[in-house]
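The values are calculated or read from the model by the stated rules, or taken from the named source; none is laboratory data. Predicted model only: the values in this text are computed from it and were never measured. Here the Cβ positions follow ideal geometry from the backbone for every residue, glycine too, while neighbour counts run over all protein chains shown.
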Amino acid sequence: MEWREVVEHPSLKDLPFKIETNEWGKIVMTPASYGHAAYQARIFRWFVLSGAGEALAECPIQTSKGVRVADVAWASAAFHKKFGPQNLSLPESPEIVVEVLSPSNNAAEMEDKSKLYFQAGAKEFWLCGEHGDLRFFDPCGELEISGIFPDFPGHIDIHVV
(Lines give C-alpha, C1' and ligand atoms only; values in the text may rest on other atoms or scores of the structure.)
Protein backbone atom coordinates (compact mmCIF):
# COMPACT_ATOMS: atom_id res chain seq x y z
CA MET A 1 0.00 0.00 0.00
CA GLU A 2 1.08 3.54 -0.64
CA TRP A 3 1.18 5.84 2.39
CA ARG A 4 -1.68 7.97 1.02
CA GLU A 5 -3.88 4.84 0.89
CA VAL A 6 -2.98 4.01 4.50
CA VAL A 7 -3.76 7.54 5.71
CA GLU A 8 -7.06 7.75 3.81
CA HIS A 9 -8.32 4.18 4.44
CA PRO A 10 -11.48 4.40 6.61
CA SER A 11 -10.88 1.10 8.44
CA LEU A 12 -7.43 2.24 9.59
CA LYS A 13 -8.57 5.43 11.28
CA ASP A 14 -8.61 5.60 15.09
CA LEU A 15 -6.77 2.34 15.65
CA PRO A 16 -5.02 2.06 19.05
CA PHE A 17 -1.79 1.12 17.26
CA LYS A 18 1.08 2.88 15.61
CA ILE A 19 0.94 2.10 11.87
CA GLU A 20 3.97 1.99 9.59
CA THR A 21 4.71 0.39 6.24
CA ASN A 22 7.58 -1.91 5.43
CA GLU A 23 9.68 -2.13 2.29
CA TRP A 24 7.04 -4.30 0.59
CA GLY A 25 4.18 -1.84 1.22
CA LYS A 26 2.65 -3.99 3.96
CA ILE A 27 1.18 -2.39 7.05
CA VAL A 28 2.98 -2.99 10.34
CA MET A 29 1.14 -2.19 13.58
CA THR A 30 2.68 -1.81 17.03
CA PRO A 31 0.62 -1.60 20.23
CA ALA A 32 1.50 1.19 22.66
CA SER A 33 1.17 1.42 26.44
CA TYR A 34 0.37 4.27 28.81
CA GLY A 35 4.04 4.46 29.86
CA HIS A 36 5.08 4.66 26.21
CA ALA A 37 2.68 7.55 25.66
CA ALA A 38 3.86 9.31 28.83
CA TYR A 39 7.52 9.20 27.74
CA GLN A 40 6.52 10.50 24.31
CA ALA A 41 4.61 13.36 25.93
CA ARG A 42 7.51 14.36 28.19
CA ILE A 43 9.99 14.41 25.31
CA PHE A 44 7.54 16.33 23.11
CA ARG A 45 6.90 18.86 25.88
CA TRP A 46 10.62 19.38 26.42
CA PHE A 47 11.05 20.18 22.71
CA VAL A 48 8.12 22.61 22.84
CA LEU A 49 9.46 24.35 25.95
CA SER A 50 12.90 24.71 24.34
CA GLY A 51 11.30 27.36 22.12
CA ALA A 52 13.33 26.23 19.12
CA GLY A 53 12.04 24.57 15.97
CA GLU A 54 9.00 22.34 15.79
CA ALA A 55 8.13 19.34 17.99
CA LEU A 56 6.42 16.54 16.05
CA ALA A 57 4.47 13.58 17.43
CA GLU A 58 3.96 10.37 15.43
CA CYS A 59 6.02 11.79 12.57
CA PRO A 60 5.78 9.78 9.29
CA ILE A 61 9.13 9.63 7.47
CA GLN A 62 9.67 8.03 4.07
CA THR A 63 12.64 5.67 4.23
CA SER A 64 14.21 3.22 1.82
CA LYS A 65 12.14 0.48 3.52
CA GLY A 66 8.76 2.22 3.65
CA VAL A 67 7.24 4.82 5.96
CA ARG A 68 8.47 4.72 9.53
CA VAL A 69 6.59 6.73 12.13
CA ALA A 70 8.87 8.25 14.75
CA ASP A 71 7.36 8.48 18.22
CA VAL A 72 8.67 12.05 18.51
CA ALA A 73 10.79 14.18 16.22
CA TRP A 74 12.23 17.66 16.25
CA ALA A 75 12.62 19.83 13.16
CA SER A 76 14.44 23.13 12.88
CA ALA A 77 12.51 26.15 11.65
CA ALA A 78 14.32 25.82 8.29
CA PHE A 79 13.26 22.17 7.94
CA HIS A 80 9.67 22.99 8.90
CA LYS A 81 9.58 25.86 6.41
CA LYS A 82 10.97 23.60 3.66
CA PHE A 83 8.44 20.79 4.15
CA GLY A 84 5.57 22.29 6.15
CA PRO A 85 2.31 20.47 6.82
CA GLN A 86 1.38 19.73 3.19
CA ASN A 87 3.14 16.33 3.13
CA LEU A 88 1.43 13.09 4.17
CA SER A 89 4.89 11.76 5.00
CA LEU A 90 8.19 13.56 5.03
CA PRO A 91 10.54 12.81 2.13
CA GLU A 92 13.49 13.53 4.46
CA SER A 93 13.99 13.00 8.16
CA PRO A 94 13.80 15.87 10.64
CA GLU A 95 17.05 16.59 12.47
CA ILE A 96 16.15 14.57 15.59
CA VAL A 97 14.15 11.35 15.61
CA VAL A 98 13.13 9.72 18.90
CA GLU A 99 11.87 6.20 19.44
CA VAL A 100 10.47 5.02 22.77
CA LEU A 101 11.02 1.32 23.41
CA SER A 102 7.99 -0.90 23.91
CA PRO A 103 7.94 -4.51 25.08
CA SER A 104 7.26 -5.46 21.44
CA ASN A 105 10.49 -3.77 20.21
CA ASN A 106 13.92 -5.35 20.05
CA ALA A 107 17.47 -4.04 19.66
CA ALA A 108 17.80 -5.18 16.03
CA GLU A 109 14.59 -3.33 15.07
CA MET A 110 15.80 -0.11 16.71
CA GLU A 111 19.22 -0.38 15.07
CA ASP A 112 17.53 -0.85 11.69
CA LYS A 113 15.25 2.15 12.30
CA SER A 114 18.16 4.36 13.32
CA LYS A 115 20.04 3.47 10.11
CA LEU A 116 16.94 4.22 8.02
CA TYR A 117 16.45 7.59 9.73
CA PHE A 118 20.13 8.51 9.26
CA GLN A 119 19.94 7.51 5.57
CA ALA A 120 16.89 9.80 5.30
CA GLY A 121 18.86 12.73 6.74
CA ALA A 122 18.46 12.62 10.54
CA LYS A 123 21.29 14.29 12.46
CA GLU A 124 20.52 12.47 15.72
CA PHE A 125 18.57 9.41 16.81
CA TRP A 126 17.43 9.20 20.42
CA LEU A 127 16.30 6.00 22.08
CA CYS A 128 14.21 6.16 25.25
CA GLY A 129 14.31 2.94 27.25
CA GLU A 130 11.32 1.38 28.98
CA HIS A 131 12.39 3.01 32.27
CA GLY A 132 13.10 6.47 30.85
CA ASP A 133 16.85 6.25 30.23
CA LEU A 134 17.86 8.06 27.06
CA ARG A 135 20.63 7.18 24.64
CA PHE A 136 21.76 9.62 21.97
CA PHE A 137 23.30 8.70 18.61
CA ASP A 138 24.62 10.48 15.56
CA PRO A 139 25.62 8.76 12.29
CA CYS A 140 29.06 7.94 13.77
CA GLY A 141 27.76 6.21 16.91
CA GLU A 142 26.61 6.80 20.47
CA LEU A 143 27.01 10.22 22.10
CA GLU A 144 27.28 11.09 25.79
CA ILE A 145 24.79 13.92 25.29
CA SER A 146 22.83 15.37 22.38
CA GLY A 147 24.90 17.67 20.19
CA ILE A 148 21.76 19.62 19.25
CA PHE A 149 20.19 19.82 22.73
CA PRO A 150 23.08 19.30 25.19
CA ASP A 151 20.83 20.21 28.14
CA PHE A 152 18.33 17.43 27.44
CA PRO A 153 18.29 15.09 30.45
CA GLY A 154 19.65 11.55 30.20
CA HIS A 155 16.66 10.22 32.12
CA ILE A 156 12.95 11.02 32.14
CA ASP A 157 10.80 10.25 35.16
CA ILE A 158 7.11 9.82 34.35
CA HIS A 159 6.21 9.08 37.97
CA VAL A 160 6.70 12.72 39.01
CA VAL A 161 4.33 15.39 37.73
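Of all residues in the stretch 38-63 being closer than 19 Å to residue 92 by Cα and charged (D, E, K, R), which is surrounded by the fewest Cβ atoms within 10 Å (Cβ to Cβ)?
58
Looking at the structure I just gave you, is residue 112 within 18 Å of residue 23 (Cβ to Cβ), surrounded by fewer than 16 Cβ atoms within 10 Å (Cβ to Cβ) and either touching a Leu at 6+ places or on another chain (Cβ under 7 Å) or not hydrophobic (A, V, I, L, M, F, W, C) (or both)?
yes
What single numbered condition from (1) out of contact with any Gly (no Cβ under 7 Å at 6 or more places or on another chain); (2) hydrophobic (A, V, I, L, M, F, W, C); (3) over 23 Å from residue 35 (Cβ atoms) fails to hold for residue 77?
With (1) out of contact with any Gly (no Cβ under 7 Å at 6 or more places or on another chain); (2) hydrophobic (A, V, I, L, M, F, W, C); (3) over 23 Å from residue 35 (Cβ atoms) applied to residue 77, the lone miss is (1).
Hey, any hits in the stretch 19-34 for a residue that's closer than 17 Å to residue 128 by Cα, in a helix (DSSP H, G or I) and at pLDDT 80 or above?
No: zero hits.
For every residue, the table says whether it meets (1) over 17 Å from residue 69 (Cβ atoms); (2) out of contact with any strand residue (DSSP E or B) (no Cβ under 6 Å at 6 or more places or on another chain); (3) of a type in the set (D, E, K, R).
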position: 93; (1), (2), (3): no, no, no
position: 96; (1), (2), (3): no, no, no
position: 124; (1), (2), (3): yes, no, yes
position: 131; (1), (2), (3): yes, yes, no
position: 140; (1), (2), (3): yes, yes, no
position: 149; (1), (2), (3): yes, yes, no
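Give me the residue from the stretch 103-122 that is of a type in the set (S, T, N, Q), in contact with a strand residue (DSSP E or B) (Cβ under 8 Å, 6 or more places away or on another chain) and modelled with pLDDT under 95 and, out of that set, nearest to residue 148 (Cα to Cα).
105
Can you tell me which condition residue 44 does not meet? The list is (1) under 25 Å from residue 159 (Cβ atoms); (2) over 13 Å from the mean Cα position of the chain (by Cα); (3) modelled with pLDDT of 95 or more; (4) not aliphatic (A, V, I, L, M), and all the others hold.
(2)
Just need a number here: residues in the stretch 77-100 that are surrounded by 19 or more Cβ atoms within 10 Å (Cβ to Cβ), more than 16 Å from residue 139 (Cβ to Cβ), without any contact (Cβ under 8 Å) to a residue 40 or more places away in the chain and of a type in the set (A, V, I, L, M).
Total satisfying the criteria: 1.
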